[in-house]
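Q: For reference, the structure I am asking about is given below.
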Amino acid sequence: MASKKFLYVNRKAPHGSIYAQESLEVVLIGAAFEQDVTLAFVDDGVYQLMQNQDTGGIGAKNFAPTFRALGDYDVSQIYVERESLEMRGLSKEDLMPLTYEDEDDDWAEKDSIHVVSSDELADIIEQQDVILNF
Amino acid sequence: MKFGILINEGPYTHQASDSAYHFTEAALRAGHEVVRVFFYHDGVNNGTRLSVPPQDDRNISERWSALGQKYDLELILCVAAAQRRGLLDEDEAKRAGKDGSNMAPGFQISGLGQLIDAGIQADRLIVFGD
């Protein structure tokens with residue numbers, strides 16, 4: 001099957017609407033189709049990766065642990081926009097650690113999350129074939 | 001040009017479905033190919049046949065059905081998103097033990113793989129959302 005570069009742009013908070021949760025479902029299906037998958041988190045979307053999420057108070061499903069499965073699906077390119085983090089008083093340390101095993105480097109465990117500037121993210125967007133905004 | 005269309009919002013509340021309709025209709029009229037229209041999130045609500053808007057307003061789901069019939073267009077509702085929101089074809093309704101189905105003519109239920117496939121097949125995948 002032809003392989004394309006798919007980018008998923010996540011712009012919304014994890015809760016308050018279902019976009020984030022249903023977006024993650026598309027990401028996992030896309031990865032199973034053996035497409036090249038990249039994720040970007042911008043605006044309130046950066047909250048999707050926050051550590052220690054607890055949805056008990058709102059009675060909604062806590063799907064955050066599903067992000068940890070991304071490495072098993074060979075999804076290792078996760079970009080978080082620095083400006084979005086800073087605007088919200090957040091840094092990479094506030095995000096859950098996401099890793100993958102690099103088959104080209106003796107399966108060394110590596111960080112999937114890269115904090116990039118808005119300009120760098122624009123370059124990443126430029127390189128994609130298919131862009132889905134959620 | 002081959003287009004894939006993704007619609008992420010339901011009818012009337014948001015303009016996304018209207019914009020997608022106008023884009024799709026114009027693309028087809030201009031001789032372009034639309035490989036698939038995929039409805040996701042609340043977008044699946046565009047596929048109900050039970051919507052009864054006022055007579056002086058557009059009927060969004062009927063309009064999609066008519067366009068689908070005219071151009072033999074694939075109109076696909078994501079199965080998981082549709083089940084969550086009560087959009088059922090006859091098979092799904094039976095399977096879930098519900099008393100009726102509500103899918104408009106020309107719409108079909110299928111999986112998210114159809115969205116990925118549209119991204120692969122199309123030259124451009126256009127997302128209509130909020």
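The values are calculated or read from the model by the stated rules, or taken from the named source; none is laboratory data. Keep in mind it's a predicted model, so treat the numbers as computed, not measured. A quick note on method: Cβ atoms are made from the backbone with ideal geometry, for glycine too, and the neighbour counts reach across all protein chains shown.
Q: So which residues in segment A:6-20 are more than 10 Å from chain B (Cβ to nearest Cβ) and touching a residue at least 24 places away in the same chain (Cβ under 8 Å), if there are any at all?
A: Selection gives A:L7, A:Y8, A:N10, A:A13, A:P14, A:H15, A:A20.
Q: Give, as residue ranges, the strands (runs of 3 or more DSSP E) completely inside segment B:16-130 that count at least 2 residues that are more than 11 Å from the chain's Cα centre (by Cα).
A: B:33-39, B:124-128
Rundown of residues vs (1) in a helix (DSSP H, G or I); (2) in contact with an Asp or Glu (Cβ under 6 Å, 6 or more places away or on another chain); (3) modelled with pLDDT of 95 or more, yes/no style:
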| site | (1), (2), (3) |
| --- | --- |
| A:L85 | yes, no, yes |
| A:L90 | no, no, yes |
| A:E93 | yes, no, yes |
| A:D104 | yes, no, no |
| A:V115 | no, no, yes |
| A:E120 | yes, no, yes |
| A:I124 | yes, no, yes |
| A:Q128 | no, no, yes |
| A:I131 | no, no, yes |
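Q: Pairs under 8 Å by beta carbon, first residue over 22 Å from B:P11 (Cα atoms) in segment B:104-130, partner assigned to a helix (DSSP H, G or I), six or more apart or different chains?
A: Cβ pairs passing all conditions: B:G113/A:I29; B:I116/A:V26; B:I116/A:I29; B:I116/A:G30; B:G119/A:G30.
Q: Would you call A:S118 away from chain B (no Cβ under 14 Å), within 30 Å of B:Y40 (Cα to Cα) and surrounded by fewer than 16 Cβ atoms within 10 Å (Cβ to Cβ)?
A: When the stated conditions are applied, A:S118 passes them.
Q: Could you check, for segment A:106-113, whether at least one of its residues is closer than 18 Å to A:R11 by Cβ and either surrounded by fewer than 18 Cβ atoms within 10 Å (Cβ to Cβ) or more than 14 Å from chain B (Cβ to nearest Cβ) (or both)?
A: yes
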